[in-house]
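Presented below is the structure to which this report refers.
The values are calculated or read from the model by the stated rules, or taken from the named source; none is laboratory data. This structure is a prediction, so every number in the text was calculated from the model and none was measured. Quick reminder, even Gly has a Cβ in these numbers, built from the backbone with ideal geometry, and neighbours come from all protein chains shown.
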Amino acid sequence: MVSMSSFFQKQEEFKDEFLTCPICAELYDGTIHKAKCLPCLHSFCASCIQRYIKERKSFACPKCRQTVQLEAEGDLTSLPNNFIVENLKEYHDIFKLSVPCGNCDDGENAVCFCHDCACFVCQGCVDMHQKMHSLRVHNLSTMTELRKKKNSPMSQCQQRCEKHPKQEMTLYCQKEACKSPVCPTCAHVEHRGHDLVYIEVAVEKTSEELQGAAGKVRAQLEELALIKTTIKQAQNRLMLSFREKKTEMHGTVEELHRMIDLRSKEAYAKMDDLFKNEEKRLEKQEKSVDLLSFQMSSACEFTDSSLSINHHVQLLDSSRQIMQRLQELQNTPLLKDEIVSKEFGVSKKHVAAMGQFHASLKHLCDLTLCVPTSSTSESFSSPDDEFPIPPPPKKSKKPSGKKRVTETDVDSDQCTIKLDPNPWRGKACKAEVTTVDSDNVLILEGGANIQASLKWAQSQIEGFPCPVVDHDNGTYTIAYTPLLYGDNELAVYINDKSMKGSPFMVRAWSSIEAFL
């Protein structure tokens, strides 16, 4: 209960917070705005609850949304009154000196409280107490004295029985079906044979039980506070991981844009060179045809002119020269075999690269939420089994009598690998793997299960699988193409066991840096 000292310090705030209905903001009273307490311990005035539930038998608390069940549709009698609000209202009335007299019908405000009559009394009733011998011994407290007390004056008086108004309820029935204060007459008549104790004993026991239950709830409140702190920390880690991954994703996309732009510039430059070279070739052929055509036309015109002059001697003298020139032109190749119509096309490697790139785009920047396995794990990462490295396609071979190696033949810790010494972005590179057995003796047969994958070193997703060629002599070629600038990792597994030193670092330069 709120103390009188705190009540005097912030009386107006006290009035608004405890004595008014949170829905209609009207002061609680003893009639239509009587404070009703729900099972969730939230209080509202009876008028607001009646309008809220209408004719329903159940409704949700307007504050906490907990379901409230009524004994009958629209019947609020099963909801108890909030005695705390009644006591606080009594404090408020005492402070305002607006408590009506409960001993007479004059309508005067009370000036004292009679503990024996258990009611507030006005000045006329006080004078009556002083005149009558039977009332003169009653214990009266003035309003000023009541303000200094911490307890409600009504709480110090024993409540009287509704069935027997002259008797106070001094006993408590502990039977599970009863659980209520009773007067001696009710105890003798209606509660005969029940487990009865004095009300002071029941109050002490009930207070201990309520304090114990409240202590457990307070402990749960502390746990909830820790849980809320954990949620806040998770939110902060989520936001930090989101920003980091967004920055990393932006860098990855920008790097891909730069790589594609660079490759497109190289492709356009190559296309221009091919076009210019082919154009020069065709222009050269055209000039050769024009020249040969001019030479033939000139020779034919000279021949026609010589025949039309009718100088027989001169014609015969020059006929040998004319014939020789005509035969030379006649035997000159016409270049028709060299004239080939060419068009731009793409190679099968381009089609394969487009398919691989399209398949890789499905995994690029494909993130999901998962629980980090360590303090250094990324909050955003892909589960280990979401993007597994598929086994490389096995090369079909005709059966032979040669012995194939088994898993026990190859020692992955002693096998060696030779990487491409000059890798750069977009370059098709090769790595040569040489297998040996546990005695470090070269294996001369194929058949080992070699798997490889390449990924950007800063990426958290699984790498892209690389094709492996079995040369059937104990050596294997891994084909890989660095797609991103900077550090890349080439992971190599031999018979499902990581090769010693794997993943191997592949420092990919740009094509321009590679030639500097």
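Filtering the range 453-468 to residues that are among the β-branched types (V, I, T) and at pLDDT 85 or above leaves only V468.
Residues checked against (1) in a loop (DSSP other than H, G, I, E, B); (2) farther than 30 Å from K427 by Cβ; (3) free of Cβ contacts under 8 Å to residues at least 40 places away in the same chain:
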residue: L307; (1), (2), (3): no, yes, yes
residue: L329; (1), (2), (3): no, yes, yes
residue: L335; (1), (2), (3): yes, yes, no
residue: V340; (1), (2), (3): yes, yes, yes
residue: A352; (1), (2), (3): no, no, yes
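Being touching a helix residue (DSSP H, G or I) at 6+ places or on another chain (Cβ under 8 Å), within 30 Å of T247 (Cα to Cα) and in contact (Cβ under 8 Å) with a residue 24 or more places away in the chain holds for only one residue in N488, N422, and it is N422.
Restricting attention to the range 487-516 and to residues that are surrounded by 14 or more Cβ atoms within 10 Å (Cβ to Cβ) and part of a loop (DSSP other than H, G, I, E, B), the residue that is modelled with the lowest pLDDT turns out to be S510.
Looking at the range 50-68, which of the residues that are out of contact with any Pro (no Cβ under 8 Å at 6 or more places or on another chain) and part of a helix (DSSP H, G or I) is surrounded by the most Cβ atoms within 10 Å (Cβ to Cβ)? Here the answer is I53.
Scanning the range 355-368 for residues that are closer than 14 Å to G426 by Cβ and either at pLDDT below 75 or of a type outside the set (S, T, N, Q) (or both) turns up just one, F357. Could you check, for the range 443-452, whether at least one of its residues is at pLDDT 80 or above, within 37 Å of the chain's Cα centre (by Cα) and assigned to a loop (DSSP other than H, G, I, E, B)? Within the range 443-452, none of the residues are at pLDDT 80 or above, within 37 Å of the chain's Cα centre (by Cα) and assigned to a loop (DSSP other than H, G, I, E, B). State whether the residues of the range 136-150 include one that is small (G, A, S), surrounded by fewer than 18 Cβ atoms within 10 Å (Cβ to Cβ) and in contact with a His (Cβ under 8 Å, 6 or more places away or on another chain). Yes; the residues of the range 136-150 include at least one that is small (G, A, S), surrounded by fewer than 18 Cβ atoms within 10 Å (Cβ to Cβ) and in contact with a His (Cβ under 8 Å, 6 or more places away or on another chain). Within the range 473-495, being more than 16 Å from S412 (Cα to Cα), touching an Asp or Glu at 6+ places or on another chain (Cβ under 7 Å) and of a type outside the set (S, T, Y) holds for one residue alone: L484.
Looking only at residues of the range 453-480 that are surrounded by fewer than 17 Cβ atoms within 10 Å (Cβ to Cβ) and free of Cβ contacts under 8 Å to residues at least 60 places away in the same chain, we find that the one that is farthest from the chain's Cα centre (by Cα) is N473.
Looking at the range 228-244, can you tell me whether even one residue there is more than 28 Å from Q458 (Cα to Cα), over 47 Å from the mean Cα position of the chain (by Cα) and not assigned by TED's automatic domain parsing to the domain that holds P482? No, the range 228-244 has no match at all. Taken over the range 260-281, the residue count meeting the criterion of being touching a residue at least 12 places away in the same chain (Cβ under 8 Å) and of a type in the set (A, V, I, L, M) is 3. Whenever a residue of the range 118-139 is under 22 Å from E168 (Cβ atoms), its partners that are surrounded by fewer than 18 Cβ atoms within 10 Å (Cβ to Cβ) and among the small types (G, A, S), lying with C-beta atoms within less than 7 angstrom and at least six residues away or across chains, give the pairs C119/G102; F120/G102. Determine whether C24 is in the same structural domain as N81 (by TED's automatic domain parsing), surrounded by 15 or more Cβ atoms within 10 Å (Cβ to Cβ), among the hydrophobic types (A, V, I, L, M, F, W, C) and at pLDDT 85 or above. No, not satisfied.
Considered as a group, the residues in the range 91-114 that are under 30 Å from L41 (Cβ atoms) and touching a strand residue (DSSP E or B) at 6+ places or on another chain (Cβ under 9 Å) include one that is modelled with the highest pLDDT, and that residue is F113. Here V289, V253 are screened, and the one residue that is in contact (Cβ under 8 Å) with a residue 40 or more places away in the chain, surrounded by 10 or more Cβ atoms within 10 Å (Cβ to Cβ) and over 41 Å from the mean Cα position of the chain (by Cα) is V289. Here is the figure for the range 411-444: residues that are aromatic (F, W, Y) and within 14 Å of V492 (Cβ to Cβ) total 0. Every listed requirement among (1) among the basic types (K, R); (2) closer than 30 Å to L484 by Cβ; (3) modelled with pLDDT of 90 or more is met by K232 save one, (2).
Among the residues of the range 303-314, are any outside the structural domain of S459 (by TED's automatic domain parsing), over 30 Å from S347 (Cα atoms), of a type in the set (A, V, I, L, M, F, W, C) and at pLDDT 90 or above? No, because not a single residue in the range 303-314 is outside the structural domain of S459 (by TED's automatic domain parsing), over 30 Å from S347 (Cα atoms), of a type in the set (A, V, I, L, M, F, W, C) and at pLDDT 90 or above.
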